[in-house]
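The values are calculated or read from the model by the stated rules, or taken from the named source; none is laboratory data. Quick caveat: nothing in here was measured; it's all calculated off a predicted structure. Backbone-built Cβ (ideal geometry, glycine too); neighbour counts: all protein chains shown. When the accessible area is computed, the model is the full protein with side chains, heavy atoms only, and any ligands, DNA or RNA have been set aside. Shrake-Rupley method; radii C 1.70, N 1.55, O 1.52, S 1.80 Å.
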Amino acid sequence: MAALRHGDPRRWLAQVYPWVKAPFIVGAPMRVMSGPQLAVAVSSAGGLGFIGPTLKVEDLFSDLQKAEGLIQSSSIASLTQRSTTALLPIGVGFQIWNGDLKVALSAVQEHRPCAVWLFAPRHGQNELNDWTTGILEASPETQIWIQVGTLGEAVEAVRSSTPPHVLVIQGAEAGGHGRAKDGMGTIALFPEIADATRESGIPLIAAGGIMDGRGVAAALSLGAAGVAMGTRMLAATETRISKGYQNEILRATDGAASTVRTQLYNHLRGTFGWPEQYSPRGLINKSWVDHQNGVSFDELKHHHDEAVKSGDAGWGPEGRLATYAGGAVGLVHSVDPAGVIVESVREEAKNIVLSLASAL
Ligand SMILES: Cc1cc2nc3c(=O)[nH]c(=O)nc-3n(C[C@H](O)[C@H](O)[C@H](O)COP(=O)(O)O)c2cc1C
């Protein structure tokens, strides 16, 4: 059982990822956008960066190879050599429902990332067990992270025959894909899962709506061993993102009014087949407004494909291109190097915790 491996979850994380500074900040594996530059920048700043799922199989191998090169020429190389295992100090994320387990295993075996993040199985925990078993055979020291969005999924994961080393609890605020209908905000979801899984000793990471030190301090108070940030990292200089998309992240405010969970943008982009329990959160644009007004899918698709040709101008409230982002997008105000984001968020969180403690 994972409990025997863990002891104190925070101390255990610090041992397994010795370069990571407290509070533990994770760069979430955002599909395509979390590339090697972003992942290595986050880890180099004392966080843990994940490479996201890639469009094509060969991109996964080239991303991992690029990350290896970046790590060798970065300050983190000397820190990680001190650890007992020669794992890459970055993780890699896979979407299970359309992922290729064979390819994933060969990439993990070849490059040995320190963590693999699994998300969105079509067939629940059984499928996660298959992936976990395969990955641990391919690279026994690699840690398995599983992202869940409900209490039921969390309990099933920790009680399974192959429990994860780390559980990521995704609140309904999160950008990108999350629970379509049974999601719950982080502040309600997280502590209940913490209570239900405490005995397992598995560290819990909070994801969803965390953009700055205030979010980190709140998550720590809820019992999180660390936080994962996606939307904030969309506005990092190292992120693999179009300028038009990134400008929208800075422009958008009031996530309650400006974001929606819908499969529409996936379908317009030609992505079908997501399991029905998931749906992505993104910014409302002209495609969504027209859809609400009854415009046919074919017409929306025509406009969407025209917008693709217009490049950066295709994003925006009058634009048509998908801008996946979280409900706290209104807290993102500037594009900064990922290292600056990680360090400033960490410092802000520490200062908040210290000032709260001294005020008591
Ligand atoms: C643009 C975007 C793409 C994402 N892609 C993935 C993904 O491929 N796999 C995954 O496990 N999570 C993905 N996520 C979700 C993140 O793992 C995380 O749960 C989320 O970003 C946390 O909420 P936040 O966006 O409010 O920080 C994505 C999030 C965003 C914003």
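Nearest 10 degrees is fine. How inclined is helix 297-309 to the longest principal axis of the chain, computing both from alpha carbons? That helix lies at roughly 70 degrees to the long axis.
Distance from the C-alpha centroid of segment 166-195 to that of segment 270-309: 25 Å, rounded to the whole angstrom. Taking the longest Cα principal axis of the chain as reference, the axis of helix 338-358 is set at about 70 degrees. Taking the Cβ of residue 308 as the centre, find all other residues whose Cβ is under 10 Å away and add up their charges (Lys, Arg: +1; Asp, Glu: -1). Within the 10 Å Cβ shell, the charges total +1.
With the helix formula -39500 (n - 2.57) applied to DSSP H stretches of n ≥ 4, the chain reaches a computed 222 nm mean residue ellipticity of -13000 deg cm²/dmol.
Using the average count of surrounding beta-carbon atoms within 10 Å as a protection proxy, the listed peptides 105-116, 123-134, 21-32, 257-268 rank, highest first, as 21-32, 105-116, 257-268, 123-134.
Once the Cβ-Cβ distance of residue 267 and residue 103 is raised to the sixth power relative to R0 = 30 Å, the FRET efficiency obtained is 0.75. Using only Cα atoms, what is the ratio of the radius of gyration of the chain to 2.2 N^0.38 Å? My calculation over the Cα atoms of the chain gives 0.94. As a calculated quantity, the FRET efficiency between residue 257 and residue 11 at R0 = 45 Å, using C-beta atoms, amounts to about 0.60.
The candidates 75, 310, 200, arranged from most to least accessible area with a 1.4 Å probe in the full protein assembly, appear as 75, 310, 200.
Taking amide hydrogens as placed 1.01 Å from N in the peptide plane, the amide H of residue 238 sits under 5 Å from those of 338, each at least 5 positions away in sequence or on another chain.
In µm²/s, what is D for segment 253-329 at 25 °C and 0.890 mPa s, where D = kT/(6 pi eta Rh) by Stokes-Einstein and Rh is the Kirkwood radius from Cα pairs?
On the way: Rh = 12.6 Å.
So the translational diffusion coefficient is about 194 µm²/s.
Other residues whose C-beta falls under 13 angstrom from the C-beta of residue 180 contribute a net charge of +2, scoring Lys and Arg +1 and Asp and Glu -1. Bridge orientation summary for the chain: considering DSSP beta bridges with both residues in this region, about 20 percent are antiparallel. Seen against the Cα atoms of the chain and their longest principal axis, helix 101-111 is set at about 50 degrees.
At 1.4 Å probe size, put 302, 291 in order of accessible surface, largest to smallest.
Values: 302 110, 291 75 Å².
Sorted by accessible area, descending: 302, 291.
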